[in-house]
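Written below as structure tokens is the structure these notes are about.
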Amino acid sequence: MFFDFDSVEYYSLNKSKDEEVNDNNRKGIKDSILNNILYSEFPEKLNNGVFYKKINSDGFSKSELSQEDVEYLKNDVFVEKFSLKMFEMSKACAPEYRDILVFKKENEISGIAKICLSCGHFYFVSSKKKD
């Protein structure tokens, strides 16, 4: 498994915040932390307090996945690398990571998956990753 987890929090960028980000980017106004979350491989490590503070702000919706969904992710999605090849097949854009999964084991963060559902790009940070 990519992550050792028993619960998952799902964060999604609110539509109004998405529109605000797009408008601000067109005007040249940048929120560097939010832009790093949405457009780059950030955070590099799990213990980045700035990342968690930002995704727990009013710009993101947060929900806890059901145990059934957690089991599905555990058994069918985040098992082996080839299971994620379906996301990599057609990359039609630069990634915009509006959807974030935070994996926890015994209430401790064990991994992060940022996913661009438009093009299939993804970025992972795991406690299993060797530094």
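The values are calculated or read from the model by the stated rules, or taken from the named source; none is laboratory data. Every value quoted in this text rests on a predicted model; they were computed, and no experiment measured them. For neighbour counting, all protein chains shown are included, and Cβ atoms are generated from backbone atoms with ideal geometry for every residue, glycine included. Remember, those area values only see protein heavy atoms, side chains included, never the ligands or the DNA or RNA. Shrake-Rupley method; radii C 1.70, N 1.55, O 1.52, S 1.80 Å.
Other residues within the sphere of radius under 14 Å centred on the Cβ of ARG98, judged by their own Cβ, net out at 0 (K and R +1, D and E -1).
In the assembled protein chains, TYR39 presents an accessible area of approximately 80 Å² (probe radius 1.4 Å). Sorting GLU20, GLU9 by solvent-accessible area of protein heavy atoms yields GLU20, GLU9, largest first, with a 1.4 Å probe. The angle separating the long axis of helix 15-27 from the principal Cα axis of greatest extent in the chain is about 50 degrees. Computed over the chain, the per-residue total of -39500 (n - 2.57) for DSSP H runs of n ≥ 4 gives a 222 nm mean residue ellipticity of -7500 deg cm²/dmol, rounded to 500. Normalised per residue, the accessible area of the chain is 60 Å², obtained with a 1.4 Å probe and no contribution from ligands, DNA or RNA.
A simple rule links phi to the HN-Hα coupling: the Karplus curve 6.51 cos²θ - 1.76 cosθ + 1.60 with θ = phi - 60°, which for the stretch 46-51 gives 5, 8, 8, x, 5, 4 Hz, with x for Gly and Pro. Among residues other than LYS114 with Cβ under 11 Å from its Cβ, the summed charge is -2 (Lys and Arg +1, Asp and Glu -1). Quantify, in whole percent, the carbon and sulfur part of the accessible surface of the chain (1.4 Å probe; protein heavy atoms only). Its accessible area is 49 percent carbon and sulfur atoms.
Net length available on complete extension from ASP6 to ASP23 is 2.3 nm, with 0.36 nm assigned per residue and the Cα-Cα distance removed.
Counted by Cβ distance under 10 Å from GLY59, the other residues give a net charge of -2, where Lys and Arg count +1 and Asp and Glu count -1. Here the chain is assigned +1 on the Cβ of each Lys and Arg and -1 on the Cβ of each Asp and Glu. Its dipole about the Cα centre then comes out at about 520 debye.
From the cross-link list LYS27/LYS104; LYS27/LYS54; LYS17/LYS104; LYS30/LYS104, which pairs have alpha carbons spaced over 29 Å apart? Pairs exceeding the cut-off: LYS27/LYS104; LYS30/LYS104.
Close amide H partners of SER110, meaning residues 5 or more places away or on another chain with modelled amide H under 5 Å apart, are PHE103, LYS104, LYS105. Over the chain, Cα pairs under 8 Å with separation of 6+ residues give a relative contact order of 38 percent.
Using a ≥ b ≥ c from the Cα gyration tensor of the stretch 1-45 (square roots of the eigenvalues), is it rounded, prolate or oblate, where a/c under 1.5 gives rounded and otherwise the larger of a/b and b/c decides, a/b for prolate?
Numbers: a/c = 4.39, a/b = 1.98, b/c = 2.21.
Taking the square roots of the gyration eigenvalues as a ≥ b ≥ c, the stretch 1-45 is oblate.
Here is the short version for the chain: CYS116 have no other Cys C-beta closer than 4.7 Å. Shape annotation for the chain: C-alpha extents along the principal axes are 44, 33, 31 Å, from largest to smallest.
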